[in-house]
Amino acid sequence: MYFLVYHFFILPYPEGDSPRGEVQLKHFVSEFLKTFVSFFKRKEILIIILFILLYRFAEAQLVKMASPFLLDEKEVGGLALTTSQVGFVYGTVGVIALSLGGILGGIAASNMD
């Protein structure tokens, strides 16, 4: 609530910012399709899509293989963690690491000149 009041009074209003008329569904769908089609007309869209799919595929493979490794006994090469410990690793440590990685990655990307 406090940020709403702060932003209402502090942030500038651009000259071009004005109330819009009612947007018709036909116009909205037309503009969306133009944007969608223009994205897939990019020069190397196939390479981009393959990169995204293969990058996520490797991560999916890792997630499936990590649980047996974490749960298996030490004699067979695992870490012998309990299911509650694995839940803690994924639910707490994983979320913290993901958040910190996103923040640090954003800082690193913004500092690139």
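The values are calculated or read from the model by the stated rules, or taken from the named source; none is laboratory data. Fair warning: this is a prediction, and the values are worked out from it, not measured in the lab. Methodologically, a virtual Cβ is constructed for each residue, glycine included, from the backbone with ideal geometry; neighbour enumeration extends over all protein chains shown. These area figures cover heavy atoms from the full protein model, side chains too; ligands, DNA and RNA do not enter into them. Shrake-Rupley method; radii C 1.70, N 1.55, O 1.52, S 1.80 Å.
Rolling a 1.4 Å probe over the protein heavy atoms leaves L79 with an accessible area of roughly 80 Å².
For F51 and L71, what does the FRET efficiency come to when R0 = 25 Å and r is the distance between their Cβ atoms, rounded to the nearest 0.05?
Values: r = 32 Å, r/R0 = 1.28.
After rounding to 0.05, the efficiency reads 0.20.
Placing unit charges on the Cβ atoms only, positive for Lys and Arg and negative for Asp and Glu, gives the chain a dipole magnitude near 420 debye about its Cα centre. Using every Cα-Cα pair within region 1-54, state what percent have a distance larger than 17 Å. I get 68 percent for the Cα pairs in region 1-54 exceeding 17 Å. Scanning the chain for long hydrophobic helices, with DSSP H runs required to stretch 27 angstrom or more by C-alpha along their axis and to average at least 1.6 on the Kyte-Doolittle scale, returns 45-71. Ranking S99, S67 from most to least accessible surface, computed with a 1.4 Å probe over the protein chains only, gives S99, S67. Of all lysines in the structure, the ones whose alpha carbon falls short of 18 Å from that of K26, not counting any fewer than 8 places away in one chain, are K34. Could you let me know the centre-to-centre spacing of region 31-51 and region 62-87, using Cα atoms, in angstrom? Each part's Cα centre sits 40 Å from the other's. Comparing L54, T35, Y2 along the charge dipole axis of region 1-54, the residue lying farthest to the positive side is L54, per the Cβ-charge model. Surface calculation, 1.4 Å probe, protein heavy atoms: L33 sits at approximately 90 Å² accessible. Legend: calculated FRET efficiency, A58 to A80, from the Cβ-Cβ distance at R0 = 25 Å, rounded to 0.05, equals 0.45.
Within the listed set V76, V37, V23, the residue fluctuating most in the Gaussian network model of the chain (springs between alpha-carbon atoms under 10 angstrom) is V23. Most mobile of Y13, Y55, Y90 per a Gaussian network model of the chain (Cα springs, under 10 Å)? Checking each option, the largest mean-square fluctuation is seen for Y13.
The convex hull of the Cα atoms of the chain, projected and averaged over all directions, covers 14.6 nm². Spin-label model, V37 to L4: label points 7 Å out along the Cα-to-beta-carbon direction sit 4.1 nm apart. Taking all protein chains as they are arranged and a probe of 1.4 Å, the heavy atoms of I96 leave approximately 90 Å² accessible to solvent.
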